[in-house]
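Beneath this line is the structure, given in structure tokens, with notes to follow.
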Amino acid sequence: MAFVLVGVVFLALRLGGWVKFSDSDWVAWLIVLAPFGLAWAWWTFSDASGLTKKREMDALDAKKEARRQKALEALGRSDKQRR
């Protein structure tokens, strides 16, 4: 997500005419569009390696454990009370 934000900032600066990244027009566009390419490469790697799915499953497990703890406390059987 950081690559996309940097790319949007570079694109706004370039299109707004506030900053010239280089004297050569194609080099300037290469600098502006590079963060978008890096974001695509990262997302492709993340999906292919299973990192995205692992993070999603970890978040679901944390929510499930929180619901379980809340239900146990509502029943009066929390871990703190059993010890």
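What follows draws every value from the coordinates through simple rules; no lab data is involved. What you are looking at is a predicted structure, and each value in this text was computed from that prediction instead of being measured. Note that each Cβ is placed from the backbone with ideal geometry, even for glycine, and that neighbours are counted across all protein chains shown.
Points to keep in mind about this one:
- Global geometry of the chain, whether rounded, prolate or oblate, following the gyration tensor of its Cα atoms and the 1.5 cut on a/c: prolate
- 0 to 90° range, to nearest 10: angle between helix 25-49 axis and the chain longest Cα axis: 20
- Angle between the chain longest axis and helix 2-16 axis [Cα atoms, degrees, rounded to 10]: 30
- Ordering of 47-57, 29-39 by packing [mean C-beta count within 10 Å, highest first]: 29-39, 47-57
- Summarising the label geometry, the points placed 7 Å from Cα in the beta-carbon direction at Glu73 and Val19 lie 4.6 nm from one another.
- Placing unit charges on the Cβ atoms of the charged side chains and taking the dipole of the chain about its Cα centre, the candidate lying farthest along the positive direction among Gly50, Val9, Pro35 is Gly50.
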